[in-house]
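Asker: Before anything else, here's the structure in question.
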Amino acid sequence: MKGLVFNLLETVVTGAHGEDTWDALLDAAQLDGAYTSLGSYPDEQISALVLAASQALKLSPNEVLRWFGREAMAVMVERYPTFFLAHQSTRPFVLSLNSIIHPEVRKIYPGADVPVFDFDDQPDGSLLMGYHSARKLCALAQGFVEGAGRHYGETVRFEHLCCMHNGDPTCQFRLGFTDVAQ
Ligand code: HEM
């Protein structure tokens with residue numbers, strides 16, 4: 001996993017709980033915390049930090065990932081405004097993931113191993129979204145989508161229709177978009 005993700009986690013944890021908490025998570029996970037955004041680090045390190053956070057914050061690991069994803073989006077808006085300015089609502093932003101956002105990310109961060117999504121518009125206006133990644137970080141994907149919704153002032157209804165954690169071959173989400181102003 002790219003150091004950028006570890007740096008985002010540090011920013012989010014420190015912002016919400018202070019530097020001491022981040023240091024305590026590093027200690028619990030037996031890591032030194034020296035991450036450069038372009039570097040690549042073993043996935044086990046992010047898992048160890050999520051586990052340490054789950055014990056410290058009394059949340060399940062998936063709740064930690066979802067919270068992290070939601071909060072990290074606000075940081076990404078500051079650091080990568082172009083991806084967000086290109087759209088006026090959550091749906092087209094999310095639809096640009098495979099075609100623009102993650103391919104651009106791979107140019108900036110060579111070696112980034114990004115997940116693949118598939119999309120299917122439904123007659124009722126909802127969007128089916130398939131998530132494919134051996135990392136099984138569907139809770140992080142959910143947090144990112146919800147964080148993007150918050151950025152665009154929308155409430156995103158997020159249903160996890162099937163999940164690799166339950167033995168399904170892929171994760172499938174149904175997203176419903178509601179404009180807060182309505
Ligand atoms: C709704 C929007 C987004 C979703 C759902 C999403 C989803 C994800 C997920 C779930 C991962 C974890 C890796 C995996 O599952 O295999 C990931 C990795 C990553 N994403 Fe996104 N992402 C979004 C937006 C963005 C944006 C705006 C950026 C801009 C910088 C970004 C950059 C990255 C990077 C750098 C990684 C790490 C890849 C690696 O370490 O190899 N993502 N993304």
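Asker: Only four residue types carry charge here, +1 at the Cβ of Lys and Arg and -1 at the Cβ of Asp and Glu. Report the dipole size of the chain about the Cα centre in Debye, rounded to the nearest 20.
Answerer: 280
Asker: What residue among THR82, LEU140, GLY167 has its Cα farthest toward the positive end of the dipole of region 75-171, where the charges are +1 on Lys, Arg and -1 on Asp, Glu, each on the Cβ?
Answerer: Checking the options against the dipole of region 75-171, the answer is THR82.
Asker: Setting aside same-chain residues fewer than 8 positions from LYS136, which aspartates and glutamates have a Cα under 12 Å from its Cα?
Answerer: Excluding near neighbours in sequence, the set is ASP43, ASP168.
Asker: On to the next question. Give the angle, between 0 and 90 degrees and rounded to the nearest 10, that separates the Cα long axis of helix 61-79 from the longest principal axis of the Cα atoms of the chain.
Answerer: Approximately 80 degrees, to the nearest ten.
Asker: Using each residue's phi in region 17-29, evaluate 6.51 cos²θ - 1.76 cosθ + 1.60 at θ = phi - 60° and report the 3J(HN,Hα) Karplus result to the nearest Hz, with x for Gly and Pro.
Answerer: Result, rounded to whole Hz: 10, x, 5, 4, 5, 4, 4, 5, 5, 4, 4, 4, 8.
Asker: Please go through region 95-182 and write out the chymotrypsin sites (Phe, Trp or Tyr not before Pro) that DSSP classes as loop and that have at most 15 other C-beta atoms within 10 Å.
Answerer: none
Asker: Suppose only helical runs count, i.e. DSSP H with n ≥ 4. What mean residue ellipticity at 222 nm does that imply for the chain under -39500 (n - 2.57) per run, divided by all residues and rounded to the nearest 500 deg cm²/dmol?
Answerer: So the calculated ellipticity at 222 nm is -15500 deg cm²/dmol.
Asker: To the nearest 20 debye, what is the magnitude of the charge dipole of region 1-82 about its Cα centre, counting +1 on the Cβ of each Lys and Arg and -1 on the Cβ of each Asp and Glu?
Answerer: 340
Asker: Which FRET efficiency value, to the nearest 0.05, do you get for HIS17 and ARG79 by plugging their Cβ-Cβ distance into 1/(1 + (r/R0)^6) with R0 = 22 Å?
Answerer: 0.60
Asker: May I ask for the net charge around ASP43, where only other residues with Cβ less than 12 Å from the Cβ of ASP43 are counted and Lys, Arg are +1 while Asp, Glu are -1?
Answerer: Combined, the nearby Lys, Arg, Asp and Glu give +1.
Asker: Please state the relative contact order of the chain as a whole percent: Cα pairs under 8 Å, 6+ residues apart?
Answerer: 20
Asker: How about region 1-71: which trypsin sites (Lys or Arg not before Pro) there lie in a loop by DSSP and see at most 11 other Cβ atoms within 10 Å?
Answerer: Filter output for region 1-71: LYS58.
Bear in mind that the values in this text are calculations on the coordinates, not laboratory data. Treat the numbers as computed from the prediction; the structure is a model and nothing was measured. Note that we place each Cβ from the backbone using ideal geometry, even for glycine, and neighbour counts take in every protein chain shown.
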